[in-house]
1. Can you list the aspartates and glutamates whose alpha carbon sits under 15 Å from that of Lys84, skipping same-chain ones fewer than 8 residues off?
2. What ranking do Lys289, Lys99 get, fewest neighbouring Cβ atoms within 10 angstrom at the top?
3. Ranked highest first by the average count of other Cβ atoms within 10 Å around their residues, in what order do 155-162, 144-151, 235-242 fall?
4. Over 25 Å between Cα atoms, which of Lys56/Lys192; Lys25/Lys120; Lys99/Lys151; Lys56/Lys99 qualify?
5. Identify all aspartates and glutamates with a Cα-Cα distance to Lys289 below 19 Å; exclude those on the same chain that are fewer than 8 residues away in sequence.
6. Have a look at Lys261, Lys120, Lys136 and tell me which one the Gaussian network model of the chain (Cα, springs below 10 Å) gives the largest fluctuation.
7. Can you put Cys38, Cys106 in order of Cβ neighbours within 10 angstrom, beginning with the fewest?
8. Over the range 178-289, what is the relative contact order in whole percent, taking alpha-carbon pairs under 8 Å and six or more residues apart?
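What follows is calculated from the coordinates using simple rules that are stated; it is not laboratory data. These numbers were taken from a predicted model, which means no experiment stands behind them. Here Cβ is always computed from backbone atoms with ideal geometry, including for glycine, and neighbour counts include all displayed protein chains.
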Amino acid sequence: MKNSQEIFEHYTTDNLVSIDPIEFKNNLTNRVGQIDYCSEGYSEAELEQQRDLSIKFHWGHNHNFGDFHIDGRMGDRHLYLFDKFLEIFPISVESFADKHILDVGCWTGGTTLLLSAISKEVTAIEEVQKYADTAKYLIDAFDLNAQVISKSLYQLNKGEYYEQFGRIYFPGVIYHLSDPVLALRILYNSLKVGGDILIETAGLESDEPICRFDGNYIYHQNGTREELNRGGWNYFILSGPALERMMQEAGFDEIQTSWDKKSNRLFAFGKKVSQVGICKAGLSVPRIK
């Protein structure tokens, strides 16, 4: 079976469907660096509190399209994470083949393309409109059995999304969320019984069930306000035991977590064995399923 790099190598201009390669290249490269807050629904008065990456277009993951290359802020992390999930949890490339996958926080579509090559169907969700549009453009350009939902994860709390997916792919997102327990419950409800979730996140290497609150005035990566390239905007940074407890609270079973020393990141796996209830005392959406 091919590894992630070999799978991803399919997505070059040689394999475009019904689109001119030069038009394709210009369309994508012209997006990079564009500043647009109006399409995201922000007013000028709100800009100070918004993520730089939501205002200015930054490509997500490295992509060699054959006759041109776009560098992404996350480098080849989409490939590393996928291979790491296969290494540490009870899943295989083949296990994707019969599943409808939910790709949460798809950015410019790197993970969506990778998952589409091995899965029955992919639904990607991305709250930043400019990135959702880009992922959709790539899906159409390569004629994939995938779709993009331009919504917040929290908007999946509707009957039409209940028990729809066989696997949820959830890397690099949960620490950006203000309400991780609610998010996990919404994703749990969107899984079919027997489905599972794959999580990767910034975390704390600790045996205690603790979390650190950063908030959106803390920036953890190099960058400037003027260039709109700062990183950060994180909420809760979790230890493995804390994430396990949150996943259990949301309904997941057969939970496993693993600290990756190479990336200093936390990985987790959980399964929906049956539909169980959740404690609703203090829950921000008390009428959730």
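1. By straight Cα distance, Lys84 reaches Asp76, Glu200, Asp260.
2. Working: Lys289 16, Lys99 19.
Taking fewest neighbouring Cβ atoms as first place, the list is Lys289, Lys99.
3. Values: 155-162: 14.6, 144-151: 18.0, 235-242: 20.6.
Result, highest mean Cβ count within 10 Å first: 235-242, 144-151, 155-162.
4. Values: Lys56/Lys192 36 Å; Lys25/Lys120 28 Å; Lys99/Lys151 22 Å; Lys56/Lys99 34 Å.
Where the Cα-Cα span goes over 25 Å, the pairs concerned are Lys56/Lys192; Lys25/Lys120; Lys56/Lys99.
5. Glu160, Glu163, Asp179, Asp196, Glu249, Asp253
6. Of the options given, Lys261 has the highest mean-square fluctuation.
7. On the way: Cys38 9, Cys106 32.
Ranked by crowding around the Cβ, least crowded first: Cys38, Cys106.
8. Working: 197 pairs, mean separation 37.3, N = 112.
Relative contact order of the range 178-289: 33 percent.
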